[in-house]
Amino acid sequence: MTERELGTTTVAKGAFGVSGTGDVSGYGGLVRRRPVTVATEKPYGGYFDEVTDALEEAFPEFHDAIEMVVVDRGELTLHVKADRILDVARILRDDAALRYEMCSSVSGVDYLDAADDPRRLHVVYHLTSMTYRRRIRLEAAVTAENAKLPSVTSIYPTADWQERETFDMFGIDFEGHPGLTRILMPDDWEGHPQRKDYPLGGVPVEYKGAEIPPPDQRRAYK
């Protein structure tokens, strides 16, 4: 995928590094504008101000640990420094004014060649407060060369298999995880299939002796 800057947005063309006329995936002609993430200024609206105020009060190091607060499409996201994710998660779970008791999702995102940040690999956590019927989204970013984050399984046991899947698909090492092994791919599989620079084809199919051809060698139907 190639990208260029256009004002405050990034324009992306194609997908998955495919070029030329051999792409039969339908993504070769894709043109998509991706907004550059910017912080939201207070007041955020709804219960978002109450949540962030409570977190600031309970966590004096808020402004050191939180890179920015973003409200978009009715969702509150805290962009957290990778090495502070445990501190933030613990306060969100334990503080009486917050009570985010449940981690419902841990997933990965790869912003390959993102122009605004070399930390292309992001981990996204969705937390739910069953006490207050509220949701919050945490996001932490790392580089592909040092793809390491503390595991949150000691705080949220539900993150166990979700962190394993993110490790398997994106190659992010969750330090302190009780058993960080592959969960979808065979243990000896090379690479991480959901990284944007992972090949679309030319990879031997496990157990069958077949091979998926790369896009430029596939039969094109017109």
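See the values below:
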{"item": "T181 vs. criteria over 17 Å from the mean Cα position of the chain (by Cα), open to solvent by 20 Å² or more (accessible area, probe 1.4 Å) and within 21 Å of V69 (Cα to Cα)", "result": "no"}
{"item": "Hits in the stretch 38-91 (condition: hydroxyl-bearing (S, T, Y), buried (at least 17 other Cβ atoms within 10 Å of the Cβ) and under 20 Å from the mean Cα position of the chain (by Cα))", "result": "T77"}
{"item": "Filter result (closer than 18 Å to R195 by Cβ, open to solvent by 20 Å² or more (accessible area, probe 1.4 Å) and in contact with a Leu (Cβ under 9 Å, 6 or more places away or on another chain)) within the stretch 113-147", "result": "R120, T143, A144"}
{"item": "Those residues of the stretch 92-112 which are open to solvent by less than 40 Å² (accessible area, probe 1.4 Å), hydrophobic (A, V, I, L, M, F, W, C) and over 19 Å from T166 (Cα atoms), in sequence order", "result": "L92, L98"}
{"item": "Meets criteria (surrounded by 14 or more Cβ atoms within 10 Å (Cβ to Cβ), hydrophobic (A, V, I, L, M, F, W, C) and under 12 Å from the mean Cα position of the chain (by Cα)) for F174", "result": "no"}
{"item": "Odd one out for E190 among (1) free of Cβ contacts under 8 Å to residues at least 40 places away in the same chain; (2) surrounded by 13 or more Cβ atoms within 10 Å (Cβ to Cβ)", "result": "(2)"}
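The values are calculated or read from the model by the stated rules, or taken from the named source; none is laboratory data. Please read these numbers as outputs of a predicted model, since none were measured by experiment. Please note: Cβ atoms are built from the backbone with ideal geometry, for glycine as well, and neighbour counts cover all protein chains shown. Note: accessible area is taken over every heavy atom of the protein model, side chains too, but ligands, DNA and RNA are not part of it. Shrake-Rupley method; radii C 1.70, N 1.55, O 1.52, S 1.80 Å.
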